[in-house]
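The values are calculated or read from the model by the stated rules, or taken from the named source; none is laboratory data. Model, not experiment: these values are computed from the prediction. As a convention, Cβ positions derive from the backbone with ideal geometry for all residues, glycine included, and neighbour counts pool all protein chains shown. Ligands, DNA and RNA are stripped out before the accessible areas are found, and what is left, the full protein with its side chains, is counted by its heavy atoms. Shrake-Rupley method; radii C 1.70, N 1.55, O 1.52, S 1.80 Å.
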Amino acid sequence: MSAKIIDGKLIAAKVQEEVRLGVAKMKAEKDYVPGLATVRVGQNPASATYVRMKQKMCEKLGLRSIGRELPETATQEEVMTLVKALNADPEVNGILVQLPLPNHIDEEAVLGSIDIEKDVDGFHPVNIGRLAMKGRDPLFVPCTPAGCMRLLKESGVQISGAEAVIVGRSNIVGLPMAMLLQKANATVTICHSRTRDLVEHVRNADIVVAAIGRTEMITGDMLKPGATVIDVGINQKDDDTRPRGYRLVGDVDFDSAKEVAGAITPVPGGVGPMTIAMLMENTLRAAEIAVNK
Ligand code: NDP
């Protein structure tokens, strides 16, 4: 058996088109263009790439992009002052502070200082708290887990009642993913580096989400036949045939997993494209909240 491939590029393109149309409508009807502010502190090259990708996507879909950069030496007060200014700026609907921040900056304090109505990354403690609570909904859901949920829904995967195993419990992926699946009525197990028998848990799962950061750790022989596999991981694997000397692979061994799974996301081209698409969707929603106030 070979699994159905869940095409993240295709589904992300659909989300992008919905956002593009929503932005055009807002411009035509309200004479208002949604704006996303990106805050980058220091010169981390990966952060620079991610911020550039987000700015380009804003341009593509018709959103305004406001780039703010501070030097590596910026103080806590300077970062917080910038966030406060963006909170007060009516042209800014979403504020994205690119992580990681330099070590001397208190990330929790910075993320907590973002106006929750502009918290398009969904990392504000109030938004995470609402996500965790029964009968409450956050204003914004963190983009990568939101993208995973969209992939599952667009692929027609039965979530309610399913056994779901999430490997990884980070604040940005594993934990919110677990909360979302639980909200969607899956029975959720969270595995992590101290889990005693990972294979046993994974083998019971109808839905497996791998957010570990370990190259091809989940293999086909660990999966229940027919399981849906969402691979969040992005890892570099040595490959002399590539100009860069490596290729990108996931936390799942795609070749063996696709022979057992019922559906699986590839890397690249699975979860990756969804993250930015969901950020754009969150920013449009933030603008809708602002214009309807
Ligand atoms: P973190 O390093 O923050 O978290 C990794 C999690 O995996 C931790 O909870 C850790 O457990 C767990 N873990 C580590 N080793 C093992 C193991 N041997 N067995 C079981 N669990 C283990 O990573 P992130 O959540 O930030 O990212 C995960 C992956 O997703 C990375 O490859 C990252 O690049 C990718 N990513 C992709 C995105 C996308 O847009 N596609 C966006 C964000 C991340 P413990 O808590 O016990 O330490």
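Here is how the numbers come out for the structure above:
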item	result
Some residue of the stretch 207-217 being more than 13 Å from the ligand (Cβ to nearest atom), modelled with pLDDT of 95 or more and out of contact with any strand residue (DSSP E or B) (no Cβ under 9 Å at 6 or more places or on another chain)	no
Boolean, residue 150 is basic (Lys, Arg) and under 12 Å from the mean Cα position of the chain (by Cα)	yes
Sole residue being free of Cβ contacts under 8 Å to residues at least 60 places away in the same chain and within 16 Å of the ligand (Cβ to nearest atom), chosen from 142, 138	142
Selection status of residue 5, open to solvent by 30 Å² or more (accessible area, probe 1.4 Å) and of a type in the set (A, V, I, L, M)	yes
Whichever residue in the stretch 151-193 is within 23 Å of residue 285 (Cβ to Cβ) and open to solvent by 50 Å² or more (accessible area, probe 1.4 Å) and, among such residues, is nearest to the ligand (Cβ to nearest atom)	172
The stretch 173-215: number of residues that are under 20 Å from the mean Cα position of the chain (by Cα) and part of a helix (DSSP H, G or I)	10
Failed item in (1) more than 10 Å from the ligand (Cβ to nearest atom); (2) surrounded by 15 or more Cβ atoms within 10 Å (Cβ to Cβ); (3) of a type outside the set (D, E, K, R), with residue 199 passing the rest	(2)
Scope the stretch 55-102; condition touching a strand residue (DSSP E or B) at 6+ places or on another chain (Cβ under 6 Å) and either among the basic types (Lys, Arg) or under 19 Å from residue 272 (Cβ atoms) (or both); matching residues	55, 58, 64, 68, 96, 98
Any hit, the stretch 251-269, residues being in contact (Cβ under 8 Å) with a residue 60 or more places away in the chain, within 16 Å of the ligand (Cβ to nearest atom), surrounded by fewer than 23 Cβ atoms within 10 Å (Cβ to Cβ) and closer than 25 Å to residue 59 by Cα	yes
Matching residues, the stretch 204-227, being over 11 Å from residue 165 (Cβ atoms) and of a type outside the set (Gly, Ala, Ser)	212, 214, 215, 216, 217, 219, 221, 225
Residue in the stretch 275-292 that is assigned to a helix (DSSP H, G or I), near the ligand (Cβ under 10 Å from one of its atoms) and of a type outside the set (A, V, I, L, M, F, W, C) present	yes
Residue list for the stretch 19-40, filter: more than 25 Å from residue 115 (Cβ to Cβ) and either touching a residue at least 40 places away in the same chain (Cβ under 8 Å) or assigned to a loop (DSSP other than H, G, I, E, B) (or both)	20
Any chance residue 110 is in contact (Cβ under 8 Å) with a residue 12 or more places away in the chain, over 24 Å from residue 15 (Cβ atoms) and of a type outside the set (Asp, Glu)	yes
Checking residue 241 against (1) within 14 Å of the ligand (Cβ to nearest atom); (2) of a type in the set (S, T, N, Q); (3) open to solvent by 80 Å² or more (accessible area, probe 1.4 Å), the condition it does not meet	(1)
